[in-house]
Each structure stands twice: as structure tokens, then as C-alpha cells.
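Nothing in this text is a laboratory measurement; each read-out follows from the coordinates by a stated rule. Everything quoted here is computed from the prediction, not taken from an experiment. Ideal geometry is used to build each Cβ from the backbone, glycine not excepted, and the neighbour counts take in all protein chains shown.
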Amino acid sequence: MKLQGLVEVPPIPARDPGDALMVEPTVPETRRFCTTCTEPVGRAGEDTPGRATGFCRNCGTGFSFTPKLAPGQLVAGQYEVVGCLAHGGMGWVYLARDHNVSDRWVVLKGLLNADDHDATTAAMAERRFLAEVEHPNIVKIFNFVEHDGAGYIVMEYVGGHSLKQILTARETDHREPGPLPPDQAIAYVLEILPALAHLHEIGLLFCDFKVDNVIQTRHSLKLIDLGSVYRVDEPGGAWFGTPGYEAPEVPAVGPSIASDLYTVARTLAVLCIGVPQFRYSLPTPDVVPLFAHHDSLYRFLLKGTAADRDDRFQSADEMADQLRGVLAEVVADRSGVPAPVRSTLFTPAPRCGLDLPDWRHLPRPRLSGDERRALEIELRLMAATLDDGRLHEADALLAEMQATHPREWRVDWYRALADLGADRAEQARIALDAVYGAVPGELAPKLALGLACESGGDLIEAARWYEVVARTDPAVTAASFGLARCLLAAGDRTGALAAYERVPDSSSGYIDAQTARVHVLSAGNGIGEPAIADLLVAGSALESLPVDEVQRERMTAELLDAALRLTLLGTNGGAGTGRLLGVRLQEHELRLGLERCYRELARHASTRAERIALVDDANRIRPRTWV
């Protein structure tokens, strides 16, 4: 199965539902906790065995970890219990057959303790609305029934494996030990995020998103276990969370969309690195090599699990937009295949050629069409002020905007542009780092960071940022040109040539890239003498380049001159029988070819002095004769 059109994941084979039953339905002692005070219960002592039923020594609440339903029991006169599938935070989960609907497989999930009849009745009434939830990635609720004083949710049976089972199987597989590959983990989360978005749109919070509650079926992913869903329009009700996933503010102020998305980010971290032990924090890149290699993924997780919920993603759609960008970077890095994603937050990067870095060639944040919003008006004014070159005025306006809108990343973006315009590269990097943290899946901040680093002389760091952008979306030609500049400055001729090769032939910058490639192959950048093979490659490229006559003659002269130097030095590898742009690689023929080029260029010279110089070059280079 291919997720997000990019990531192939191992398929889930079809199997008999009966094969998923627990052979011995018991709950390990390490997972026995009081439902009231969360203290450990039912544990073995030095001289006493563990107990599956009893009372909490801390608060007196009764506990039972034995199944309430046995195989063969008929629930609500309709559902015949087959056995136990699992034990979750709210009780046992049973497999059953629905005798009223063609004996279809269903799942029964207990709601509350059978001893609390009033609470069970209230909970059933509260959760009947879940039957109205319709989404292809959410398990279907069929019914709510009562049996022996306990309430049960009746759900569709979805055969497959939970992400927890997939993760556990991988951790014990000697061939592929450890967490999931990051692209697979991200794709799983992206596939299920629309389900969260749907719940949020109809005023529901899932509250307990985790690896246990997402199942991969043969054809899709499904969100299961809606027993902990919380209604936003009826605050004050009960909710359920899991330590290691639940946001820090939830016990004090209750759940929210931001806290729901916190659990999504925590789940992604678990899939990638296994992190429940870090309850409210993440390990740093110096501890986790994956984070050091995929910095955008780390920044995404930092935003998703920020301590202040106002600093997190505020909607599932916003989270998905950024995560798609992160996935594109990860896929491009792991596969070497570009995976561009159209940005909804930035305009496309303007056409950029071989020029030195210029902040005016960077993308711009998209502005809202609602001009009644004060912020949008201020941002439009700021963009116009910068475009007019009024940098001092821009600094004053930005100071006011940053005080008024401290969490608005677009203000930080224009702050960075103003700093770049005023040659304050280090300050620009600080502002751009804030933008990057706010929108970690966007390429524009990374392109801008490359430009800021290059402007400040940090070419190694600049090349790193340019590489990420060029690898992910070669259509952003400014990244390829910037990368080539940095590599050439470091003497990496091969790397620079590869950077130019990344510019696609569909791009308006393709001719510039190929022209630059010809110059580098002919050693026009002071890196040293080329090999004759380089000149032949350059000549072949030049033959198909749609450049004007004058530019073609200049580039031809450059290549023939380099070939003549190699011939005079005796380092042309004995290529005298070969041809470069139709000219035999012999001294006499090369001189004749160069003479022709110089005389043709002289014919197109724009000044008398230039024409005289080119004629002198032609006379100097022509073969010597006795007449």
C-alpha cells in the first residue's frame, strides 16, 4: 500500500478474525492501575501473588482485570461474544457476531465499571451521538447496549494491525530493529489526520490519540476507540488521556484542539524514536541522530509539543500542511527523488539566475484577502516599504508590529528581509530561525537561511540549507545556484556541476544553469585546468543550448582556448583525432577555430576599442605561416 502517493508501506495480509483473539485473556501486572488515583494495583508482593480483582489500597476503589463477558454469551439479545481481543484503558474489548445482520463481525467495548449503573446509563446517553460520526478513516459505531448493568459500544470490526503492533513487531525483528523509518511514520500520521480534522469540525476532541488507537487495514488507516471523545460544546465532562501522550495543561484546564494535536505529535515521536519516557519533552538532536539528520522533523515535533498550547499547531489542517512539507524533505533525502509540495503560505520564488544572493529574490508570505484585518494592512504596508528601499522606516514599523503581534511569523519574515537589506546577516538568521520553527515544513525559510548564511560568509552552513531546498524541489533554482556558488568557493567543482544539473529543463533558469555548467567545465572559475573529457561534455551541452550568436561564440572561444592550452601542455590525452564543436583537437585546427571566433566576436563588438582588442586576439592566436 502506498501512502500519500510517496511512501510504500508493508501490506497487512487478510486473516480470520478469530486468529486475533487472546489465548489467555489476562492483563500483565505492569499494566494494572487504579482507575481513580492511577496507583498500581493487583501487583505481587514478596510473599503474595498478584490479584486480578480487589480494592485499591490507596483510595479504596474496586478493580477487576478479568473479562466480564465469556465466549458464547449473548449481549442485548443480538451480539454473541466470541472472545477477547485486547484490554485497553477503559476495559476489555471483545469480538462478537451480530446475529441480526448476517452474523457480521463486530467489536464490543466496555464503557464503565458495571457496579456504577447510573454512570453507565449517563455515559451511554452521552456517547450516542458518536453513531452520527461518518468518516472513511474512523471506525463506524453501530450501537450502544447495556448488559448486566454495564454499557458497551458496538463498533465495526476492522481487521488489521494497530500502529503499536506494527512498532512492536519491528522492535523485535532482528532484520529491521528499532522504530519505523521516518517517511513511513510521517505517512501514517498524515493518513489519519483527516479523521481528527473531521472530529474537530463537528465539535469533538479525540483526547487519547496514540499508537494503540490507529489500525492499518488492508486498504486504509482507521481511527478506533472513540470511548474517550469529548464534546467541546459541553465542557466539564470526563475525558481520558495517556501519560506520555497527554498535553501538560490538560489535567488543569481540560482538552482542546491544541492538546489533541499535541497527542498526534507525541505519537509521531513514538513511531520515529520511541519516546514515552520523556513525558513532556523531546530528546535533543545530539542524543537522537535522526533529529540531527532531519532537522525539519525535529522542529515539527518541537512545535507540536510546545509547552504553551498557543505555540502549537492550531488546527489539524495546519499541522497536515507542515507535515506534508516535512515528508517531502525526508522522502527526497532517503530516495534521492524530488518530492515538491506546493506551499499554501508562500508565493513561488521569483526567477533567479547566476546573480549573487539578493533578498529581493526570496518568496513572500501570502496575505489574506481580508483587508479589513489590521494585521493584513500592516503587512502589505511593510512589503511596500521594503520594496521601495525605505529600510529605516521599515525598522520602525517592524518594532511596532513585533510588539503587537509577538506570535506572527510573517512579521519575523519581514524583519529578516529588512535585516538582509541592511547587511545585518546575523540578525536575519535569528529572525529566520523563528520563522522556520513556526512553519517547519516550508522551504522558503530554508532558502532564506541559506541566503543569510552566504551573505554573512558562512558558506558551509549556507550550502547545507541550499542543499535541502534543491534536493526537495529543484524548481527552486535559487537554491541550486546558491549551492553551486558555495561549492565553487570551497573548490568543490564536481559538487557545483551536480548542483547545476539539478535545475530541470522545464525551468526558466535551465539555460543559465547549463551556461554556468559549461563555464565550470572549461575551468572558467579559476579552479584549475579541466580534463579533455570535461571539454567534450561541455561542447556537447553547448551545441544544444538555445543561446544567442554572440554568447555562443564567446563560450565556443572559451572551450577552444582551454583545449589549446591542454594541447600545448601535452595533457590532452592524445585526443588529436577527436573533435570539439567540430574542431579537430590539434594545435593548428584549434588556432584556426579560435581565430574565427575572435573575428566573429569583433564583428559584433559594441565599441571600437573592443573590436580592436578582439582583432588583436585573432592575430595573436592564428597559426603561424611562412607567407
For F142, which sequence-distant residues (separation of 5 or more, or a different chain) have an amide H within less than 5 Å of its own amide H, given hydrogens modelled in the peptide plane? V154, M155, E156
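Could you tell me which trypsin sites (Lys or Arg not before Pro) in the range 197-278 are loop residues by DSSP with no more than 14 other beta carbons within 10 angstrom of their beta carbon?
Values: sites: K210, R218, K222, R231, R266; in loops: K210, R218.
In loop regions of the range 197-278 (DSSP not H, G, I, E or B), the sparsely surrounded trypsin sites (Lys or Arg not before Pro) are R218.
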Could you give the longest part of the chain that holds none of the GluC sites (Glu not before Pro) found in DSSP loops with at most 10 neighbouring Cβ atoms within 10 Å? 372-627
Inter-site label distance for D286 and L569 at 7 Å from Cα along Cβ, in nm: 4.6
Residue-wise, which Karplus ³J(HN,Hα) couplings in Hz belong to the range 149-162, taking 6.51 cos²θ - 1.76 cosθ + 1.60, θ = phi - 60°, and x for glycine or proline? x, 10, x, 9, 8, 9, 10, 5, 8, 10, x, x, 10, 6
So, in nm, how far is label S102 from label H588 when the simple model puts each one 7 Å beyond its Cα toward the Cβ? 9.0
According to a simple spin-label model (label point 7 Å from Cα along Cα-to-Cβ), what is the distance in nm between E29 and T48? 1.2
Out of (i) 0.95; (ii) 1.14; (iii) 1.06, which label holds the value of Rg/Rh (Cα atoms, Kirkwood Rh) that was computed here? (ii)
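Nearest 0.05, what FRET efficiency do A76 and T168 give at R0 = 45 Å with Cβ-Cβ as r? Each step should come with its number before you reach the end.
Working: r = 34 Å, r/R0 = 0.75.
Calculated transfer efficiency: 0.85.
Find how much the distance from V550 to H604 grows on full extension, using 0.36 nm per residue of separation minus their present alpha carbon separation; answer in nm with one decimal. Each step should come with its number before you reach the end.
Numbers: separation 54, 0.36 × 54 = 19.44 nm, distance 0.73 nm.
Fully extending the segment from V550 to H604 adds 18.7 nm.
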Applied in sequence order to the range 538-549, the curve 6.51 cos²θ - 1.76 cosθ + 1.60 (Karplus, θ = phi - 60°) yields integer Hz couplings, x standing for Gly and Pro, of 5, x, 4, 5, 5, 4, 9, 7, x, 10, 6, 4
For the range 321-331, in order, what is each residue's ³J(HN,Hα) by Karplus, 6.51 cos²θ - 1.76 cosθ + 1.60 with θ = phi - 60°, in whole Hz (x at glycine and Pro)? 4, 6, 5, 4, x, 4, 4, 4, 5, 5, 5
Could you pull out every residue, at least 5 positions away or on a different chain, whose amide H is within less than 5 Å of the one on V75? Hs are placed 1.01 Å off N in the peptide plane, and Pro or chain starts have none. E80, V81
Amide H contacts under 5 Å for G62, placed H, 5+ residues apart: C56
